[in-house]
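Here the structure is laid out as structure tokens; the discussion comes afterwards.
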Amino acid sequence: MDFFETLADRIDAVDSVVSVGLDPDPSRLPDAVADADLPRWAFNRRIIDATHEHAACYKPNAAFYEDPDGWRALRETAAYAEGKGVPVLLDAKRGDIGNTARRYAEILDHVDAITVNPYLGRDSLQPFLDRADKGVFALCRTSNPGGADLQDLELASGEPLYERVAALADVWNANGNVGLVVGATTPDELETVREIVPEIPFLVPGVGAQGGDAEAAVEHGLASRPDLPVDVGLVNSSRGIIFAGEESSRPDDEATYFGAAGDAAKRLKKRLNRHR
């Protein structure tokens with residue numbers, strides 16, 4: 001099975017398109033995991049235990065793991081999620097050329113999908129695209145305000161740059177493993193990109209702490225493909241789920257703290273499902 005077939009089965013099994021972002025900021029980890037050998041792994045394990053019934057996918061961001069203990073924590077996290085039947089999408093935003101791109105792509109030996117930066121062109125993505133069983137999500141229209149600095153620039157053809165990226169993704173999708181990252185904070189652009197690529201699934205960030213449009217994220221973020229049993233795509237929340245325990249009634253109590261993450265994931269699933 002390729003990534004999107006696996007993801008479709010997962011979405012169908014748990015009735016959810018929620019992607020839980022696993023961004024274990026060391027400065028925010030609770031005391032319950034502070035003394036663990038690998039605090040980030042200890043934190044992620046508890047988050048996975050609390051949320052897996054509502055998660056279509058887990059999305060660790062590489063920035064929170066780029067040190068020796070971090071990579072160990074990431075490997076343990078990916079293996080544990082796999083044991084729960086949940087695919088893992090590494091938010092690494094990789095993009096380079098030649099041998100460097102090929103080495104970067106080797107990380108797909110350990111995860112199910114990855115985000116990539118398309119701005120060096122197709123050759124920088126080819127080693128990822130060639131992994132037909134793995135998902136490759138190219139940045140298109142991101143959720144941060146500064147994304148407009150480049151992504152909205154008008155080309156000589158009259159189209160903005162992000163629309164050209166979407167059109168190219170369609171060309172690059174020979175193996176049916178390409179997705180796009182399109183933020184919920186720009187719902188008009190989200191709709192526009194969906195019109196350009198009707199069958200490419202989106203990873204939609206920005207619904208949680210960034211306050212993006214949940215209805216638009218579902219309406220335009222999910223793709224209907226004739227080979228898949230359900231519409232496929234992911235709507236991500238990171239801080240809004242994993243650190244929900246900070247606002248709980250008893251943040252110093254481990255069960256309450258991590259139970260709040262499970263409750264937040266469940267609420268987001270229900271919120272998104274109203275629009276599916």
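Taking Gly95 and the conditions (1) in contact with a strand residue (DSSP E or B) (Cβ under 8 Å, 6 or more places away or on another chain); (2) modelled with pLDDT of 95 or more, which numbered condition does it fall short on, given that it satisfies the others?
If we test Gly95 against (1) in contact with a strand residue (DSSP E or B) (Cβ under 8 Å, 6 or more places away or on another chain); (2) modelled with pLDDT of 95 or more, just (2) comes out false.
Collect the residues in segment 247-273 that are modelled with pLDDT of 95 or more, loosely packed, with under 14 Cβ neighbours inside 10 Å and within 24 Å of Asp213 (Cα to Cα), keeping them in residue-number order.
Residues satisfying the conditions are Lys270, Asn273.
Please state which one of Val193, Val218 is aliphatic (A, V, I, L, M), part of a helix (DSSP H, G or I), closer than 19 Å to Ala169 by Cα and more than 14 Å from the chain's Cα centre (by Cα). So that I can check it myself, show each step before the final result.
Values: Val218 fails: closer than 19 Å to Ala169 by Cα.
Step by step, each of Val193, Val218 is checked, and only Val193 is aliphatic (A, V, I, L, M), part of a helix (DSSP H, G or I), closer than 19 Å to Ala169 by Cα and more than 14 Å from the chain's Cα centre (by Cα).
Among the helices (runs of 4 or more DSSP H) confined wholly to segment 94-177, which include 3 or more residues that are closer than 21 Å to Lys59 by Cα? Can you show your working first?
Working: elements: 98-105, 122-129, 148-151, 161-172.
The helices (runs of 4 or more DSSP H) meeting that bar are 98-105, 122-129.
Can you name the residue in segment 142-160 that is among the hydrophobic types (A, V, I, L, M, F, W, C) and farther than 15 Å from Pro118 by Cβ and is also surrounded by the fewest Cβ atoms within 10 Å (Cβ to Cβ) among such residues? First the steps, then the outcome.
Taking segment 142-160 and keeping what is among the hydrophobic types (A, V, I, L, M, F, W, C), we get 148, 150, 153, 155-156.
Filter once more, so that each one left must be farther than 15 Å from Pro118 by Cβ: 148, 156.
Numbers: Ala148: 15, Ala156: 5.
Among those that are among the hydrophobic types (A, V, I, L, M, F, W, C) and farther than 15 Å from Pro118 by Cβ, it is Ala156.
With the structure loaded, tell me whether Arg164 is open to solvent by less than 20 Å² (accessible area, probe 1.4 Å) and among the charged types (D, E, K, R) or whether it fails that test.
Numbers: open to solvent by less than 20 Å² (accessible area, probe 1.4 Å): no; among the charged types (D, E, K, R): yes.
So Arg164 fails the test.
Give me a count of the residues in segment 1-42 that are in a helix (DSSP H, G or I), hydrophobic (A, V, I, L, M, F, W, C) and within 29 Å of Val218 (Cα to Cα).
Of the residues in segment 1-42, the ones in a helix (DSSP H, G or I) are 3-14, 26-28, 31-34, 39-42.
Filter once more, keeping what is hydrophobic (A, V, I, L, M, F, W, C): 3-4, 7-8, 11, 13-14, 32-34, 41-42.
After this cut, where a residue has to be within 29 Å of Val218 (Cα to Cα) as well, the list is 3-4, 7-8, 11, 13-14.
Going through segment 1-42 one residue at a time, the tally reaches 7.
The values are calculated or read from the model by the stated rules, or taken from the named source; none is laboratory data. If you're wondering where the values come from, they're calculated on a predicted model, not measured in any experiment. Because the Cβ atoms are built from the backbone with ideal geometry, glycine has one as well, and the counts that use them run over all protein chains shown. We work out accessible area using only protein heavy atoms, side chains counted, and drop any ligands, DNA or RNA first. Shrake-Rupley method; radii C 1.70, N 1.55, O 1.52, S 1.80 Å.
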